[in-house]
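To start, the structure under review is shown below, and the notes come after it.
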Amino acid sequence: MNRSQRLAARHNAATRQLREFASTFDRAADYVGIPHNERERFLAWTIQHLWNIHTEERMNKRLIIENEIKSLGVYLPNGTVRKPYSASFTLPADKVSEVRLEGIEETGLQMTQTSPGVFTVEGTPLSHGDFPLRLSFATVEGEPRSEMTIPVAFNPDPRSIWKDIRSSQHEEGLKPDMIAEYVMVEADSDGSPRKDIVAASIQGRSHAHEGRARDDYFAVEHYPDSDWYVLAVADGAGSARLSWRGSEIACDTIMEHCRECLKDNKLFEEAIAAFSQDQNTSLRSVLTTQVSDIIYKGAVKAHEAIGRAADDTPDAAMRDFATTLMFAICKKFPFGWFIASFWVGDGAMCIYNEKDGSIKLLGTPDEGEFSGQTRFLTMREIFHDKDIVKKRMRMGIVPDFTALFLMTDGVSDPMFETERNLKDANKWKEFTSLLKSGFPDDGIPGVDLSDDNKDAKDQLLEWLKFWSPGNHDDRTLVILY
Amino acid sequence: MRKLPVYLLLDCSGSMYGEPIEAVKNGLQVLTSTLTSDPYALETAFVSVITFNTDARQAVPLTEIAAFQPPQLQASGCTALGAALELVTKCAENEVVKTTPEKKGDWKPLVFIMTDGEPTDDIRKGLEDFKRYKWGTVVACAAGAGANTTTLKQITENVVSLDTTDSATIRQFFKWVSASVQANSMKVEEGGGELSSIGELPPPPPEVNIVI
């Protein structure tokens, strides 16, 4: 049989079947007694009714599946912009097909069926915001596609929403938002290396976010003639509007005062030498008096200098200049290092000795029940405290040390968190190794504290930019090493 | 990382049906989108939603704001405020990290309570539990004419009222809640501790009245 013969045969068969159906229908209609002229309408009516039942059943089936899918609680967890995203959900593969997630393309993600019924949404979100994605799927043949909304939210990268605004103090040349310094002290005449100072201070992200000045300040010096080192760090109170000046005045006053006191001070150095021989009470008290003359008087002078600045500034009070202050004077003698210090406020000042893993904290941070309730140099009651010497001043002789650290709470809070940890030598070991290693995950290199490494100041400046959620205060770190 | 916990206690009783509950849902969206675009809040704020009607239930456990998804809310039943106070205290005891010598704990939680009616349960037990816990700022909001500010005053000093429960007013309330959370997360990141009274919160919009 050729093609046209095949078609003709099929046509004949169909015609035969139709004729048979028509005569069967006629016989049935005769039997029931349906008049000839109403038979067509009756047939239409029957089909209509059966069609209605059929579609209703179909719709019900679809609705049941839709409700089942909705009750699954399919959701997409929130994501972060430019961070790889992956989430999966499962739908009953025997009930739904042709699953699509409408609106997914514009988010930068894609949905794929990883195994029957398991759908994975993957990719990297392009922009932040709420996206009301629509999950659509086919259920029953002949029914419209079903749709439900699945919202997904992408958050901005927390690091990207910190603004970086220069402060007006920076713009006007009054105080830079970041600064670093290296004091290189060349080797002794006998060739043995002498300690250097590296120091850096940066405006915290919270200040940069609003273009507020850096409240922290430091000053460091080495006097070539007398070989004394002086290091000072101050942290202006965030709530005090002129504290960026307060910290500056405090440190600068200390430097000026110490420069004067330590210039050719034979009496003082003799007292230190005598004390090194015999640390008995009388020699100790002689030295304490001398140290007080330098250290305590320095703090008083700094307090007074701020007082004068407040007087000279219209509509300003001393508390507007509120600042902490820590400073240390040190010198290497044949019998060891003499170190004396003063500390009011929070932060940390510590001698670290890598060889035996020991530390010596030069005082205790003033921390209230809540952080932020620290003591300030600008508070008069500090100087009325009869225990001021015991509480705030330290002096002593140590054989040698790896580093003397002075830091504001912008560094000590994220690095040590609590006062207990500050007293823990292991935590200082961890801190120094972080200083060396940097933060490779964030692309922040470490600080190379080898002798005469002038690059250390820029390394330290970079290092201070480490990320620590919830810690965005100004950061200052001074190291004598 | 020290969390700044925020507990939202939301009345989902039958009287909230319709526009008010829709407005609350919308308000939670406002809160989420505001806080996720603020660098301070995004790093520190953790939000939990406790709903109360015939009983109280923690609809969302304390969740960092980046992962927070507003819950489904349905209004029906009565106003078990006492149960909600009891539950929030229990939740805070479990979820908020306490300070130890080695680790600084979380900041004191902020609590925002919103109700449009009288409590239908006995609030004494819940109130007693609630008062034992050390909260940060607690703000109670009497939404609409049906709410009793005297009852709320027993819970906290800081009571505000909304004249109506229409969507615009409720939206303003949530905007103010968002601003308060922002201000608080900024303060804690600056090392200033928690805000402790309503006077330290951002000034409320005209729709939100402070009840003295």
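Residues that are buried (at least 22 other Cβ atoms within 10 Å of the Cβ), in the same structural domain as A:VAL389 (by TED's automatic domain parsing) and within 43 Å of the chain's Cα centre (by Cα): does segment A:269-291 have at least one?
The answer is yes, given that some residue of segment A:269-291 is buried (at least 22 other Cβ atoms within 10 Å of the Cβ), in the same structural domain as A:VAL389 (by TED's automatic domain parsing) and within 43 Å of the chain's Cα centre (by Cα).
Within the group A:GLY238, A:GLY211, which residue is more than 14 Å from chain B (Cβ to nearest Cβ) and of a type outside the set (Ser, Thr, Tyr)?
Only one candidate qualifies: A:GLY211.
So, in segment A:428-467, exactly how many residues are in contact with a strand residue (DSSP E or B) (Cβ under 9 Å, 6 or more places away or on another chain), at negative phi and either touching a residue at least 24 places away in the same chain (Cβ under 8 Å) or buried (at least 16 other Cβ atoms within 10 Å of the Cβ) (or both)?
22
Any residue that is part of a strand (DSSP E or B), more than 14 Å from chain B (Cβ to nearest Cβ) and crowded, with 23+ Cβ neighbours inside 10 Å - is there at least one of those in segment A:299-313?
At the first step, the residues of segment A:299-313 found to be part of a strand (DSSP E or B) are none.
The answer is no; no qualifying residue exists.
Of A:THR378, A:THR374, A:THR402, A:THR418, which residue is open to solvent by 30 Å² or more (accessible area, probe 1.4 Å) and polar (S, T, N, Q)?
On the way: A:THR378 fails: open to solvent by 30 Å² or more (accessible area, probe 1.4 Å); A:THR374 fails: open to solvent by 30 Å² or more (accessible area, probe 1.4 Å); A:THR418 fails: open to solvent by 30 Å² or more (accessible area, probe 1.4 Å).
Testing whether each residue is open to solvent by 30 Å² or more (accessible area, probe 1.4 Å) and polar (S, T, N, Q) leaves just A:THR402.
Exactly one of these conditions fails for A:ASP196: (1) within 14 Å of chain B (Cβ to nearest Cβ); (2) of a type outside the set (Gly, Ala, Ser); (3) open to solvent by less than 10 Å² (accessible area, probe 1.4 Å). Give me its number.
Evaluating A:ASP196 over (1) within 14 Å of chain B (Cβ to nearest Cβ); (2) of a type outside the set (Gly, Ala, Ser); (3) open to solvent by less than 10 Å² (accessible area, probe 1.4 Å) leaves (1) as the failure.
From the list A:PHE431, A:PHE383, A:PHE416, A:PHE376, exactly one residue is closer than 26 Å to A:THR289 by Cα, assigned by TED's automatic domain parsing to the domain that holds A:LYS465 and out of contact with any His (no Cβ under 7 Å at 6 or more places or on another chain). Which is it?
On the way: A:PHE431 fails: closer than 26 Å to A:THR289 by Cα; A:PHE383 fails: out of contact with any His (no Cβ under 7 Å at 6 or more places or on another chain); A:PHE416 fails: closer than 26 Å to A:THR289 by Cα.
Going through A:PHE431, A:PHE383, A:PHE416, A:PHE376 in turn, the sole match is A:PHE376.
Looking only at segment A:221-260, count how many residues are open to solvent by 10 Å² or more (accessible area, probe 1.4 Å) and β-branched (Val, Ile, Thr).
Of the residues in segment A:221-260, 2 are open to solvent by 10 Å² or more (accessible area, probe 1.4 Å) and β-branched (Val, Ile, Thr).
Looking only at helices (runs of 4 or more DSSP H) that fall completely inside segment B:1-116, which ones have 2 or more residues that are farther than 23 Å from A:THR80 by Cα and either of a type in the set (Phe, Trp, Tyr) or open to solvent by 30 Å² or more (accessible area, probe 1.4 Å) (or both)? Working first, answer last.
On the way: elements: B:19-36, B:39-44, B:81-95.
Because the criterion is at least 2 residues that are farther than 23 Å from A:THR80 by Cα and either of a type in the set (Phe, Trp, Tyr) or open to solvent by 30 Å² or more (accessible area, probe 1.4 Å) (or both), the helices (runs of 4 or more DSSP H) in segment B:1-116 that meet it are B:19-36, B:81-95.
Just the residues that are of a type outside the set (D, E, K, R) and more than 9 Å from chain B (Cβ to nearest Cβ), please, taken from segment A:413-432. Explain how you work it out, then say what you get.
Our first condition is that a residue be of a type outside the set (D, E, K, R); within segment A:413-432, this holds for A:414-416, A:418, A:421-422, A:425-426, A:428, A:431-432.
Within segment A:413-432, A:PRO414, A:MET415, A:PHE416, A:LEU422, A:ALA425, A:ASN426, A:TRP428, A:PHE431, A:THR432 meet the criteria.
Restricting attention to segment B:88-110, which residues are out of contact with any Gly (no Cβ under 8 Å at 6 or more places or on another chain) and modelled with pLDDT of 90 or more? Steps first, answer last, please.
Of segment B:88-110, the ones out of contact with any Gly (no Cβ under 8 Å at 6 or more places or on another chain) are B:88, B:90-95, B:100-106.
Passing the criteria: B:VAL88, B:LYS90, B:CYS91, B:ALA92, B:GLU93, B:ASN94, B:GLU95, B:ASP106.
Can A:THR107 be described as more than 14 Å from chain B (Cβ to nearest Cβ), exposed (fewer than 13 other Cβ atoms within 10 Å of the Cβ) and touching a Phe, Trp or Tyr at 6+ places or on another chain (Cβ under 9 Å)? Quick ask: steps written out before the conclusion?
Values: more than 14 Å from chain B (Cβ to nearest Cβ): yes; exposed (fewer than 13 other Cβ atoms within 10 Å of the Cβ): no; touching a Phe, Trp or Tyr at 6+ places or on another chain (Cβ under 9 Å): yes.
No: the conditions fail for A:THR107.
Please work out which residue is surrounded by the fewest Cβ atoms within 10 Å (Cβ to Cβ), limiting yourself to segment A:42-88 and to residues that are within 14 Å of chain B (Cβ to nearest Cβ) and outside any loop (DSSP other than H, G, I, E, B).
The selected residue is A:SER71.
In the set B:ALA80, B:ALA56, B:ALA66, B:ALA75, which member is touching a residue at least 12 places away in the same chain (Cβ under 8 Å), of a type outside the set (Ser, Thr, Tyr) and within 14 Å of chain A (Cβ to nearest Cβ)? Spell out how you get there, then give the answer.
Details: B:ALA80 fails: within 14 Å of chain A (Cβ to nearest Cβ); B:ALA56 fails: within 14 Å of chain A (Cβ to nearest Cβ); B:ALA75 fails: within 14 Å of chain A (Cβ to nearest Cβ).
Every option except B:ALA66 fails the conditions.
The values are calculated or read from the model by the stated rules, or taken from the named source; none is laboratory data. Bear in mind the structure is a predicted one, so any value in this text is a computation, not a measurement. Neighbour counts run over all protein chains shown; Cβ positions are idealised from the backbone, glycine included. Accessible surface areas use protein heavy atoms only, side chains included; no ligands, DNA or RNA. Shrake-Rupley method; radii C 1.70, N 1.55, O 1.52, S 1.80 Å.
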